[in-house]
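Peer 1: The structure under discussion is supplied below as structure tokens; questions concerning it will follow.
The values are calculated or read from the model by the stated rules, or taken from the named source; none is laboratory data. This one's a predicted model, so the numbers in the text were calculated from it and none came from an experiment. Note that we place each Cβ from the backbone using ideal geometry, even for glycine, and neighbour counts take in every protein chain shown. These area figures cover heavy atoms from the full protein model, side chains too; ligands, DNA and RNA do not enter into them. Shrake-Rupley method; radii C 1.70, N 1.55, O 1.52, S 1.80 Å.
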Amino acid sequence: MTVTSKPVTHLADLANPAACPRIVYKIGSALLVGPDGAPRREWLAGLADEIADARRAGQDVIVVSSGATALGAARLGLDKGGRGSLPDAQAAAAVGQIELGGIWSDLLGAHGLIAAQLLVTLEDLEDRRRYLNASATLARLLEAGVVPVVNENDSVATAKLRFGDNDRLAARVAQAADADAVLLLSDVDGLYDRNPSDPAAKRVPVVRGVTDELHDMADGGSASGLGTGGMTTKLKAAQIAERAGIALVIANGFHDKPVSRALRDGIGTLFLPRRNDTGKRAWLGGRMQMKGSLMVDAGAAIALQAGGSLLAKGISAIEGEFQRGDPIMIRDERQRAIAKGLAEYDAAECHKIIGHHSSEQASLLGYEPRSAVVHRDQMVLL
């Protein structure tokens, strides 16, 4: 497990191996691939220089790199960047991933660094056992001094079983790798209080917790400008990171040596970590797919916030078809997500005991009830 000598509190801390021993860089397709479909090699060479500098300083670096589909579409001559259909996208990704891996291998190899390719799907980081396998692989690669290059396996992923953006993938990889920070290289200098095209817009240098208000602003699109450039997914990535004690920065990648510009010149937005969920709680808190949800009354919501388990008496509604052990969302009376947990009963059993005291549940179920519908040890508060 990574140990830091002090918490990350400023952008410059992400360039300091003492404060940030392990970092994830996320690079989007628009940064890596030009309008003609060719890789932006000169820019990538500059970024590889920065990665090499970080490694020489003693910092572990993981790269989450987009670009496979765009590169493959150009090679195959597919229109719409290879995203005209699912078969096109999968074929383009399969062709482009070889080229993408070769680019990173060459650029990092010029500095004497070994690159490793790790392709993952949503299920690889949502399933607990596969998540632990990915975590172990990342740990061994970093121990060997390798730079892991991670991408979503778009050649086999489908619409329902994919991240769909590498912002949230980067945050999940950071969790799995026990990283200290994530740097999302974007097309803007950070998060702004309104549309960045507005002359009065001001960059927000530090965010202490992603709030519902920030999400509402991002969803509002033109009203605030936060929805442009994929800001909604970046806020979701920041929320995943902050719950796991991981700092996250949004910075502009459309500059030479973008890491130096952002971190050393202080140009970006830093999302500070809010807590430090570890182990199963970190994995559960970062999960994107829930199998169902339970609505609870006010009393149950208060009990959960105080560290209690969820009992059947406090459940007022059930949604979805889930089995015992499946991840489910817990919502309050206003439909706000307040916790995630692993169900101790399947949905059909929950319907039988909803609203009933523990003393009544044996006769309803036909066996002695478990201590809770969701036990506090299998739950993470949001």
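Peer 1: Given the options ALA251, ALA247, name the one that is closer than 30 Å to TRP43 by Cβ, under 15 Å from the mean Cα position of the chain (by Cα) and modelled with pLDDT of 95 or more. Steps first, answer last, please.
Peer 2: Details: ALA251 fails: under 15 Å from the mean Cα position of the chain (by Cα).
So the residue among ALA251, ALA247 that is closer than 30 Å to TRP43 by Cβ, under 15 Å from the mean Cα position of the chain (by Cα) and modelled with pLDDT of 95 or more is ALA247.
Peer 1: A follow-up question, please. Under the condition of being more than 30 Å from ARG275 (Cβ to Cβ) and assigned to a loop (DSSP other than H, G, I, E, B), which residue from the stretch 353-382 is most open to solvent (accessible area, probe 1.4 Å)? Let's see the steps before the verdict.
Peer 2: Taking the stretch 353-382 and keeping what is more than 30 Å from ARG275 (Cβ to Cβ), we get 353-369.
Filter again for assigned to a loop (DSSP other than H, G, I, E, B), leaving 354-357, 366-369.
On the way: ILE354: 48, GLY355: 28, HIS356: 61, HIS357: 98, GLY366: 69, TYR367: 75, GLU368: 144, PRO369: 36 Å².
In this case the residue turns out to be GLU368.
Peer 1: Could you say which residue among VAL150, VAL188 is assigned to a strand (DSSP E or B), out of contact with any Cys (no Cβ under 9 Å at 6 or more places or on another chain) and either open to solvent by less than 10 Å² (accessible area, probe 1.4 Å) or under 24 Å from ARG274 (Cβ atoms) (or both)?
Peer 2: On the way: VAL188 fails: assigned to a strand (DSSP E or B).
Sole residue among the options that is assigned to a strand (DSSP E or B), out of contact with any Cys (no Cβ under 9 Å at 6 or more places or on another chain) and either open to solvent by less than 10 Å² (accessible area, probe 1.4 Å) or under 24 Å from ARG274 (Cβ atoms) (or both): VAL150.
Peer 1: While we're looking at this one, here's another question. How many of the residues in the stretch 197-211 are in contact (Cβ under 8 Å) with a residue 40 or more places away in the chain and open to solvent by 60 Å² or more (accessible area, probe 1.4 Å)? Please lay out each step first, then the result.
Peer 2: Step one: filter the stretch 197-211 for residues in contact (Cβ under 8 Å) with a residue 40 or more places away in the chain, giving 203-210.
Checking which are open to solvent by 60 Å² or more (accessible area, probe 1.4 Å) leaves us with 203, 205, 208.
The number of residues fulfilling the criteria is 3.
Let's see how each residue does on (1) closer than 14 Å to SER65 by Cα; (2) open to solvent by less than 10 Å² (accessible area, probe 1.4 Å); (3) modelled with pLDDT under 95:
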site	(1), (2), (3)
ALA159	no, no, yes
PHE163	yes, yes, yes
ASN166	yes, no, yes
LEU169	yes, yes, yes
VAL173	yes, yes, no
ALA176	no, yes, yes
ASN195	no, no, yes
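Peer 1: Could you check how many residues of the stretch 98-118 are within 30 Å of PRO327 (Cα to Cα) and open to solvent by less than 60 Å² (accessible area, probe 1.4 Å)? I'd like the intermediate steps shown before the answer.
Peer 2: Filtering the stretch 98-118 for residues within 30 Å of PRO327 (Cα to Cα) gives 117-118.
Cutting the leftovers down to open to solvent by less than 60 Å² (accessible area, probe 1.4 Å) gives us 118.
Summing the residues that are within 30 Å of PRO327 (Cα to Cα) and open to solvent by less than 60 Å² (accessible area, probe 1.4 Å) in the stretch 98-118 gives 1.
Peer 1: Quick one: would you say GLU344 is over 15 Å from ALA372 (Cβ atoms), open to solvent by 20 Å² or more (accessible area, probe 1.4 Å), among the acidic types (Asp, Glu) and within 29 Å of the chain's Cα centre (by Cα)? Quick ask: steps written out before the conclusion?
Peer 2: Numbers: over 15 Å from ALA372 (Cβ atoms): no; open to solvent by 20 Å² or more (accessible area, probe 1.4 Å): yes; among the acidic types (Asp, Glu): yes; within 29 Å of the chain's Cα centre (by Cα): yes.
Answer is no for this residue.
Peer 1: Only one of LEU44, LEU100 is among the aliphatic types (A, V, I, L, M), at pLDDT 95 or above and in contact with a Gly (Cβ under 9 Å, 6 or more places away or on another chain). Can you tell me which?
Peer 2: Details: LEU44 fails: in contact with a Gly (Cβ under 9 Å, 6 or more places away or on another chain).
Among LEU44, LEU100, only LEU100 is among the aliphatic types (A, V, I, L, M), at pLDDT 95 or above and in contact with a Gly (Cβ under 9 Å, 6 or more places away or on another chain).
Peer 1: Tell me, yes or no, whether the stretch 129-147 has at least one residue that is in contact (Cβ under 8 Å) with a residue 60 or more places away in the chain, of a type outside the set (Phe, Trp, Tyr), in contact with a helix residue (DSSP H, G or I) (Cβ under 6 Å, 6 or more places away or on another chain) and surrounded by fewer than 22 Cβ atoms within 10 Å (Cβ to Cβ).
Peer 2: Within the stretch 129-147, not a single residue is in contact (Cβ under 8 Å) with a residue 60 or more places away in the chain, of a type outside the set (Phe, Trp, Tyr), in contact with a helix residue (DSSP H, G or I) (Cβ under 6 Å, 6 or more places away or on another chain) and surrounded by fewer than 22 Cβ atoms within 10 Å (Cβ to Cβ).
Peer 1: Search the stretch 69-84 for residues that are surrounded by fewer than 24 Cβ atoms within 10 Å (Cβ to Cβ) and pair each with any residue that is of a type in the set (Asp, Glu) when their beta-carbon atoms are under 8 Å apart and the residues are at least 6 apart or on different chains.
Peer 2: ALA74/ASP36; ARG75/GLU99; LEU78/ASP88; LYS80/ASP88
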